[in-house]
């Protein structure tokens, strides 16, 4: 009887632990493998820290292709505090954001967007 109870507990733990481990492996893969990467140039309009538990930096980049055309917004997330500080220093300047796109993240705890900025460069000639 005791061996049967141990066997039931073993299968219960296995059924509980395996899905959790697979889910954690999926999140790790989604965060570490980029679906795409690229660069966008424009003016950073906004950068703010958001989140109740998971704090991320969310921002908007205004893309202006030609004078007289409608400006397009590019929404992005900065997970790294040092990158967010660099972005904050360049607000109002023309910048180039280097980003990676991560698809399939299950919650907004990792960021409101799938576009994670990894670096920023100022394009203004005044510097």
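Please treat every number below as a calculation from the coordinates, not as lab data. Fair warning: this is a prediction, and the values are worked out from it, not measured in the lab. Glycine gets a Cβ as well: all are built from the backbone with ideal geometry, and neighbour counts include every protein chain shown.
Listing for the model above:
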{"read-out": "Counting DSSP beta bridges with both ends in segment 4-127, the antiparallel % (nearest 5)", "value": "95"}
{"read-out": "Kirkwood Rh and Cα Rg combined as Rg/Rh, segment 44-97", "value": "1.03"}
{"read-out": "Potential lengthening between residue 3 and residue 22 on full extension [0.36 nm per residue; Cα-Cα distance subtracted]", "value": "4.0 nm"}
{"read-out": "Kirkwood-Stokes translational diffusion coefficient of the chain, alpha-carbon pairs, 4 °C, 1.567 mPa s, µm²/s", "value": "76"}
{"read-out": "Sites residue 109 and residue 66, calculated FRET efficiency, Cβ-Cβ separation with R0 35 Å, nearest 0.05", "value": "0.40"}
{"read-out": "Extension reserve of the residue 29-residue 55 stretch, reckoned as 0.36 nm per residue once the Cα distance is removed", "value": "7.3 nm"}
